[in-house]
1. What is the magnitude of the charge dipole of the range 123-214 about its Cα centre, with +1 placed on the Cβ of each Lys and Arg, -1 on the Cβ of each Asp and Glu, and no other charges, expressed in debye to the nearest 20?
2. How high is the relative contact order of the range 56-99, in percent, counting Cα pairs under 8 Å that sit 6 or more residues apart?
3. With charges set only on the Cβ (+1 for Lys and Arg, -1 for Asp and Glu), what does the dipole of the chain come to about its Cα centre, in debye to the nearest 20?
4. What relative contact order, as a whole-number percentage, does the chain give when Cα pairs under 8 Å and 6 or more residues apart are counted?
5. For n ≥ 4 DSSP H runs only, could you compute -39500 (n - 2.57) per run for the chain, divide by its residues and tell me the 222 nm figure to the nearest 500?
6. Under a cut-off of 25 Å between alpha-carbon atoms, report the lysines in cross-link reach of Lys138, not counting same-chain residues fewer than 8 places apart.
7. Phe185 accessible area, nearest 10 Å², 1.4 Å probe?
8. Counting only heavy atoms of protein chains, what accessible area per residue, in Å², does the chain have with a probe of 1.4 Å?
Amino acid sequence: MSVFEADRVNEKHKGIVTRDGIRIHETVDYQGMQAAGRVAAEILDEIAEHVFPGQSTAEIDRIIEEKVIAKGTKSATIGYKGYQHASCISINHVVCHGIPSAKTLKDGDILNIDVTVILDGWYGDTSRMYVAGKLPRKAERLIQVTHDALMLGIEAVKPGNTFGDIGYAIQSYVESHRMSVVRDFCGHGLGRVFHAPPNVLHYGRPGTGPVLEEGMFFTIEPMVNLGRPETKVLADEWTAVTRDKSLSAQFEHSVGVTADGVDIFTLSPAGTFHPTYTQTAE
Ligand code: MF3
Ligand code: CO
Ligand code: CO
């Protein structure tokens, strides 16, 4: 999501919130998030075989929408702020919010597929990288660093740590590989709403920002560029691209803070969260 653009919190979402506006969920709520997250992750598992050179992103999206319905869930993105698709598909220098279209994939294209479903009112939001055909060497490095950065961010999730600790873990790792972290988009609180406080920044300083507490649910979804971090949004008002046209990658998990660490709601049931691309590469 864009920085500083949380949805208005709805009536159903009233309850205990911190002074930063972050909802503290109850024990039973974790089950709702696990169920929603599992479906979103399953869809990402199952879509891998549909990614290949010559395939259109509209067809990938159509298959995703079919799966969302078949699994008894609802797409969170269809109708969201006028968006009309069940996924965002972001190819090569597209950072995020790529719109599925008749455009077909070429050999060596890398793409992020981002799916959010609603199950019993709970939101499951996750994304991964895929490749059409053969994975170029530079893209492989970018994808690996981006995934490692997400997992390092998740390792920083435990009560008493801060959101700045998460951002620092991600930023310091990415920059040590001479890549850059996108600032213009961030992770977000979620639960019974799609985008809630806080903005989960993928950069920061240790010990800064709100303190993590058991019961907080949010996404971590770092976007990493091979070149500079700046982005711009195209005339369609959705597609965000790198200004310098460098390659960009992203992975996203929905997580919850537990008494002693973290619960990842969107882990791959097939165990193939990463690297998905090895299933489709030669
Ligand atoms: N799933 C995206 C996220 O991670 C949001 C997509 S909103 C859409 O927050 F409208 F572009 F689909
Ligand atoms: Co998200
Ligand atoms: Co998402």
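1. In total the dipole reaches around 460 debye.
2. Working: 37 pairs, mean separation 12.4, N = 44.
Contact order relative to length: 28 percent.
3. Numbers: 27 positive and 36 negative charges, 123 e Å.
Dipole size: approximately 600 debye.
4. Averaging sequence separation for qualifying contacts and normalising by length gives 25 percent for the chain.
5. Theoretical 222 nm ellipticity from helices: -8000 deg cm²/dmol.
6. Lys103, Lys106, Lys232, Lys245
7. 10
8. 42
The values are calculated or read from the model by the stated rules, or taken from the named source; none is laboratory data. Predicted model only: the values in this text are computed from it and were never measured. Quick reminder, even Gly has a Cβ in these numbers, built from the backbone with ideal geometry, and neighbours come from all protein chains shown. Note: accessible area is taken over every heavy atom of the protein model, side chains too, but ligands, DNA and RNA are not part of it. Shrake-Rupley method; radii C 1.70, N 1.55, O 1.52, S 1.80 Å.
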